[in-house]
Amino acid sequence: MAKQKNSDEQGLKIIIVGCGKVGRTLIAQLIKEGHDITLIDQNAQKIQELTGLYDVMGIAGNGASFSVQIEAGIENTDLIIAVTDSDELNLLCCTVAKRVGNCSAIARVRTPDYSKEAEYLREKLGLAMIINPELEAAREAARILFIPTALEVSTFAHGRAEMIKFKVPDGNQLDGMTIADLGRTLGKNIADHILICAVERDRDIHIPSGNFRIQKGDLLSFVASRASAKAFLKKIGFKTHAVKNTMIIGGGKSAYYLASQLIHVGISVKIIESDPKRCEELSILLPKAIVINGDGTNEGLLKEEGIEYAESFVPLTGIDEENIMLTLHAKMVSQAKVITKINRITFDDVVSSLDLGSVIYPKFITSEAIIAYVRAKKDSMNSNIETLYHMFDSRVEAIEFRVESASRVTNIPLAELSLKKGLLISLIHRRGSIIIPSGQDSIQVGDTVMIVTTHTGFNSIQDILN
C-alpha cells in the first residue's frame with residue numbers, strides 16, 4: 001500500500017513577482033516551509049542571484065505579461081504574490097493571473113489613495129488579499145505609542161486581545177518572582193487574566209512553566225485582553241497612558257499613515273520633511289499636524305524643534321542607517337519613547353545589540369500576513385490561521401487558529417491533551433470573550449485559539465499534539 005503524503009509534504013505552487021525586500025523575505029520563508037517557488041522580476045541579475053541562493057525557478061520579464069506568466073506555469077499555480085515597487089503593476093499582475101489561471105492572488109498596494117479603496121479593489125478584482133506594509137507598520141507603531149512602556153504590541157481576536165513585550169527593569173517587583181507567584185503577589189483578579197507566554201534571557205528563549213523565575217533584564221511577552229493588559233502593567237509599576245505628542249522625521253507614506261492614526265486619537269504630531277513640495281502636500285492632507293520643512297538629520301534643527309521635550313520620536317527617513325543614528329541621538333538627548341523602522345539592514349545581531357527601543361520591520365509584517373494565508377490554504381480541514389507573528393528574531397511563533405470543526409483537540413480538557421513541548425495554549429476567544437485558559441478549559445468549535453511555540457510551520461490546530 002502506497003504511503004499517503006501528509007500536509008507537511010505537500011507544498012503549494014507559488015509565483016512571486018518582484019524580488020525586492022519583501023520578495024526576498026517571502027522566498028526565504030516559503031522555501032523553508034516546503035513550497036515550489038517561481039520568481040519573476042524585470043532585473044535579470046536579481047533573478048540570477050536568487051536562483052543561485054535558493055532552489056527556485058526564475059524568469060526575467062514583466063510579471064503582468066500573459067506570455068511570461070504562461071512560461072512561469074500560471075495555469076498550474078496555486079497562488080501568485082505580486083510585491084513589485086509599483087501598485088499598478090501588482091494589481092495588473094493579479095488581474096491577468098486570475099483570468100489565465102485558477103489561482104489565488106495577493107497584491108502589495110502602498111499608495112494612500114488605493115488603500116482607502118482596498119476592500120473594494122480586493123472584492124472587484126477577486127483577490128485573496130491586499131497588503132500595505134507602510135500602513136501595517138504605522139498601525140504597529142501607533143499601538144506601541146498608545147502603551148509606550150511596551151517594546152512590541154501585537155493584536156489578536158480582532159483587536160480584543162494583545163500580546164505585549166517589555167523589559168523587566170532593575171528593582172521591579174517581578175525580579176525574582178516565579179510565574180506561580182504572580183497570583184499570590186498581584187492578586188487573582190489580575191494574575192488570572194494574563195498569561196506570560198515567552199521570555200528571552202541572554203538570547204535563550206523560554207516558554208515558561210509555573211516554576212520559571214523571572215529576572216531583571218528579561219524580555220517578557222504576555223497576552224491579555226486590552227483592559228487586563230493595562231491593569232497588569234499598572235500593577236507592576238509601568239506607565240500605561242498614551243504619549244501626548246510625537247516627532248516624526250521624514251514625510252513619506254509611513255509618516256502620513258502614522259500621523260493620521262495619532263491625530264485621530266488626539267496625539268499632537270510634528271513632521272520634519274526636507275522636500276518643500278511634500279511639506280505642502282502633508283499640510284493639506286494633515287491640517288492638524290505641524291509640518292516643518294528642513295533636514296531632520298540636522299542636530300541644531302532637532303534641538304530647535306524641541307527633541308529634548310518630545311514624548312515620542314519616530315524616524316521614518318527611508319534610510320535605515322539614518323533612522324538608527326537618529327534613534328540613538330534621541331535616546332541621548334531626551335526621555336522620548338523611540339521607535340525605529342528598519343527596511344533593509346540584515347545584521348540582526350548588530351541591530352539587537354543596539355538600544356533602539358521598539359524596532360519595526362515592514363518586510364516581516366508583510367511576509368507574516370502572507371505566510372499565515374499560505375499555511376491556511378495548505379491545510380484548512382479543521383482550522384484556519386487567522387493571525388501569525390514571528391517573535392524573538394523568528395525563533396518563536398504566535399499563531400491564532402480559527403477552529404472550524406470537531407477534531408482530536410476539541411471538547412477535551414487541556415490538561416488531558418498530549419501537547420508538544422515548547423508550546424503554550426495562551427488564549428481562547430469565544431463569542432466575544434477572552435479566556436486565559438486553565439487545564440480544565442477545553443477548545444470548542446467556533447473558538448479562535450492562540451498558541452505560542454518554539455516550533456515552526458504549524459498549519460493546523462492539530463499540529464499542537466504529539
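The values are calculated or read from the model by the stated rules, or taken from the named source; none is laboratory data. In this text, all values refer to a predicted model and were calculated from it rather than measured experimentally. Neighbour counts are summed over all protein chains in view; Cβ atoms, including those assigned to glycine, are modelled from backbone coordinates with ideal geometry. When the accessible area is computed, the model is the full protein with side chains, heavy atoms only, and any ligands, DNA or RNA have been set aside. Shrake-Rupley method; radii C 1.70, N 1.55, O 1.52, S 1.80 Å.
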Once Glu49 and Ile319 are pulled to full extension, the length gained, defined as 0.36 nm per residue separation minus their Cα-Cα distance, is 94.8 nm
When DSSP beta bridges are limited to those with both residues in the chain, what percentage is antiparallel, rounded to the nearest 5? 55 percent
Can you give me the convex hull volume of the Cα atoms of the chain, divided per residue and expressed in Å³? 162 Å³
Over all directions, the range 97-144 yields a Cα convex hull whose mean projected area in nm² is 3.7 nm²
Return the distance in nm (one decimal) between the two label points of a simple spin-label model at Gln173 and Met332, each offset 7 Å from Cα along Cα→Cβ. 3.8 nm
Non-local residues with an amide H under 5 Å from the amide H of Ile15, with H modelled 1.01 Å from N and Pro and chain starts lacking one, are Thr38, Leu79, Ile80, Ile81
Honestly the range 245-377 on the Cα gyration tensor test (a ≥ b ≥ c root eigenvalues; a/c under 1.5 rounded, otherwise a/b vs b/c for prolate or oblate) is just oblate
Once the Cα gyration tensor of the range 287-342 is diagonalised, what are the square roots of 5 times its eigenvalues, in whole Å and ordered largest first, as equivalent ellipsoid semi-axes? 16, 14, 12
Fraction of the pair-distance distribution of the range 68-200 above 19 Å, Cα-Cα pairs, percent: 65 percent
Once you sort the root eigenvalues of the Cα gyration tensor of the range 114-273 as a ≥ b ≥ c, which label holds: rounded (a/c under 1.5), prolate (a/b larger than b/c) or oblate (the other case)? prolate
Among Ala118, Gly318, Val96, whose Cα projects farthest towards the positive end of the dipole of the chain, with charges put on the beta-carbon of Lys, Arg (+1) and Asp, Glu (-1)? Ala118
Helical mean residue ellipticity (222 nm; -39500 (n - 2.57) per DSSP H run of 4+; nearest 500) of the chain: -9500 deg cm²/dmol
At a 1.4 Å probe, what is the % contribution of carbon and sulfur to the accessible area of the range 329-439? 51 percent
For the range 331-466, dividing by residue count, accessible area per residue (probe 1.4 Å) in Å² works out to 41 Å²
Rounded to one decimal in nm, the spacing of the 7 Å Cα→Cβ label points at Gln10 and Glu308 is 6.6 nm
Can you find, among Met450, Leu135, Ser367, the residue farthest towards the positive end of the dipole of the chain? Put +1 on the C-beta of Lys and Arg, -1 on that of Asp and Glu. Met450
Using a 1.4 Å probe on the protein chains only, how many percent of the accessible area of the range 138-286 belongs to carbon and sulfur? 49 percent
Cα extents of the range 313-362 along the three principal axes, largest first (Å): 28, 21, 14
What FRET efficiency would be calculated for the residue pair Asn189, Ile263, taking the C-beta separation as r and a Förster radius of 45 Å, to the nearest 0.05? 0.80
